[in-house]
1. Over the chain, what relative contact order in percent results from Cα pairs under 8 Å that are six or more residues apart?
2. Ignoring any ligand, DNA or RNA, what whole percent of the accessible area of the chain comes from carbon and sulfur when the probe is 1.4 angstrom?
3. Cut-off under 22 Å on the C-alpha distance; same-chain residues fewer than 8 positions from Lys60 excluded. Which lysines are left, in chain and number order?
4. Net charge around Leu83, counting only other residues with Cβ within less than 14 Å of its Cβ (Lys, Arg = +1; Asp, Glu = -1)?
5. Could you give the length gained on full extension between Thr39 and His65, defined as 0.36 nm per residue of separation minus the Cα-Cα distance, in nm?
6. Please give the calculated 222 nm ellipticity per residue for the chain, where each DSSP H segment of at least 4 residues contributes -39500 (n - 2.57) and the sum is spread over every residue; nearest 500 deg cm²/dmol?
7. Hey, how many Å between the Cα centroid of the stretch 4-38 and the Cα centroid of the stretch 48-67?
8. Answer with a single label: of (1) 34, 13, 12; (2) 36, 12, 8; (3) 27, 18, 11, which was calculated as semi-axes √(5λ) of the Cα gyration tensor in Å from the structure in view?
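The values are calculated or read from the model by the stated rules, or taken from the named source; none is laboratory data. Remember, predicted model here, so these are calculated numbers, not experimental data. Neighbour counts are summed over all protein chains in view; Cβ atoms, including those assigned to glycine, are modelled from backbone coordinates with ideal geometry. For the accessible areas, the whole protein counts, side chains as well, though only heavy atoms, and no ligand, DNA or RNA atoms are used. Shrake-Rupley method; radii C 1.70, N 1.55, O 1.52, S 1.80 Å.
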Amino acid sequence: MANHKSSIKRIRANERKRQANRYYSKTMRNALKNIRSITDKDEATQKLSAMTSMIDKLAKKGMIHKNKAANLKSGLMKKINAL
């Protein structure tokens, strides 16, 4: 157990951040799964901009690497253009 006030505070802050990171990661994974399962090109195109925005925000926060973000967006665009 932590002995210093600052380390106890750090433990609490880390737990809050961990929960937030888990939420955003899971939300992104679910959104990716949903957009990949769409078979209608018009619907997928509409959702693509929201998905792109979400991916960019996560990359900006550092939750995912910028190259991974680019890779995800590229893959989604290729899939939607192939529909």
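1. 29
2. 52
3. Reachable lysines: Lys17, Lys26, Lys33, Lys47, Lys68, Lys73.
4. Net local charge, Leu83 excluded: +2.
5. Value of the extension gain: 6.5 nm.
6. Using -39500 (n - 2.57) per qualifying helix, the result is -30000 deg cm²/dmol.
7. Spelled out, the Cα-based centre of one part sits 14 Å from the other.
8. Calculated semi-axes √(5λ) of the Cα gyration tensor in Å: the matching label is (2).
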